[in-house]
Amino acid sequence: MSAPAWGDLDRWITRTIAPDPFEGALRASAEAGLPAYDVSPAQGALLEVLARSVRAERVLEVGTLAGYSALWLARSGARVVTLEVSEAHARVARANFARAGLADRIELVVGSAADTLPSIEGPFDLVFVDADKPSNPLYLEHALRVARVGALIVVDNVVREGRVLDGSSDDPSVRGVRALFDRVEREPRLRATAIQTVGAKGHDGFLIATVLG
Ligand code: SAH
Ligand code: DHB
Ligand code: MG
């Protein structure tokens, strides 16, 4: 199967079983000139399914961008706290939350997550890490601090077209993902896997872990 068909299949999934109520947010993001780093619509639907599956009441997200993934997470019924370093991105996200009628369920905290995370208190039922990849190990420490037993920790972009396999890579994002895997490997409180994904966003993947009691 060729890469172009991945996008066609993603669009088919979205058209049939997982319609996207937040297309307006993606349009506003593109119009504001933000990078298209949002999860795909089908991946957004996965985030909602995961949040519902753990009956999430509170979700923490690191890396808001235009708020697209936060909207899917909030659609589960959970309250979402989302962290973003860029005021320009946060402005677009706030408008997107308001347009979707979900602003009262999403709290946006502006600042570098390394600075804002220490004052974030749990418990959270799901933590979605999707910001600067070199900081993944730091974000995992905070996720472990605030996640309740049985919570899900989900990390985006852990495959990157397979580049993460290269142990001698000097790409800081690859190194961040590999350090994250090392940390998860040694963490007895986590039971984890990763799923590779193909689709409109190419070949990438999510790490998905559950916090043991
Ligand atoms: N979760 C979003 C995409 C996030 S893109 C979605 O799927 O819709 C990554 C975001 O992380 C960008 O907006 C970027 O500005 C933000 N970011 C980068 N470094 C950060 C940091 N140190 N603290 C908080 N956010 C950061
Ligand atoms: C990129 C993609 C992402 O999903 C993300 O969170 C950050 C960066 C990228 O394509 O570079
Ligand atoms: Mg991402």
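Arg163 meets each of the listed conditions (1) assigned to a strand (DSSP E or B); (2) within 16 Å of ligand 2 (Cβ to nearest atom) apart from (1).
Looking at region 1-19, which of its residues are polar (S, T, N, Q) and either surrounded by fewer than 18 Cβ atoms within 10 Å (Cβ to Cβ) or in a loop (DSSP other than H, G, I, E, B) (or both)? Steps first, answer last, please.
Step one: of region 1-19, the residues polar (S, T, N, Q) are 2, 14, 16.
The answer is Ser2, Thr16.
Looking for something without any contact (Cβ under 8 Å) to a residue 40 or more places away in the chain and more than 16 Å from the chain's Cα centre (by Cα) - is there at least one such residue anywhere in region 75-83? The answer is yes; a qualifying residue exists. Restricting region 20-41 to residues that are touching a Pro at 6+ places or on another chain (Cβ under 9 Å) and not in a helix (DSSP H, G or I) leaves a set whose member that is farthest from ligand 1 (Cβ to nearest atom) is Asp20.
Would you confirm whether any residue within region 187-198 is out of contact with any strand residue (DSSP E or B) (no Cβ under 9 Å at 6 or more places or on another chain) and modelled with pLDDT of 95 or more? Walk me through how you get there before you give the answer.
Restricting attention to region 187-198, the residues satisfying the condition of being out of contact with any strand residue (DSSP E or B) (no Cβ under 9 Å at 6 or more places or on another chain) are 188.
Now narrow it down to the ones that are modelled with pLDDT of 95 or more: 188.
Yes, region 187-198 contains a residue that is out of contact with any strand residue (DSSP E or B) (no Cβ under 9 Å at 6 or more places or on another chain) and modelled with pLDDT of 95 or more.
Of the set (1) more than 13 Å from ligand 3 (Cβ to nearest atom); (2) closer than 21 Å to Thr197 by Cα; (3) surrounded by fewer than 21 Cβ atoms within 10 Å (Cβ to Cβ); (4) of a type in the set (Gly, Ala, Ser), all apply to Ala36 but (1). The strands (runs of 3 or more DSSP E) falling completely within region 54-134 that include 2 or more residues that are within 13 Å of ligand 3 (Cβ to nearest atom) and under 20 Å from Ala209 (Cα atoms) map to 58-62, 124-129. Is one or more of the residues making up region 28-45 without any contact (Cβ under 8 Å) to a residue 24 or more places away in the chain and within 28 Å of Leu138 (Cα to Cα)? Yes. Taken together, the residues in region 65-98 that are among the polar types (S, T, N, Q) and under 18 Å from Asp20 (Cβ atoms) amount to 3. Just to be sure, is Val127 in contact with a strand residue (DSSP E or B) (Cβ under 7 Å, 6 or more places away or on another chain) and within 24 Å of Asn157 (Cβ to Cβ)? When the stated conditions are applied, Val127 passes them.
Matching residues to (1) in contact with an Asp or Glu (Cβ under 7 Å, 6 or more places away or on another chain); (2) among the acidic types (Asp, Glu); (3) surrounded by 19 or more Cβ atoms within 10 Å (Cβ to Cβ):
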site: Tyr68; (1), (2), (3): yes, no, yes
site: Trp72; (1), (2), (3): yes, no, yes
site: Arg75; (1), (2), (3): yes, no, yes
site: Glu87; (1), (2), (3): no, yes, no
site: Arg91; (1), (2), (3): no, no, no
site: Ala95; (1), (2), (3): no, no, no
site: Arg99; (1), (2), (3): no, no, no
site: Ala103; (1), (2), (3): no, no, no
site: Leu108; (1), (2), (3): yes, no, yes
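The values are calculated or read from the model by the stated rules, or taken from the named source; none is laboratory data. Fair warning: this is a prediction, and the values are worked out from it, not measured in the lab. Note that each Cβ is placed from the backbone with ideal geometry, even for glycine, and that neighbours are counted across all protein chains shown.
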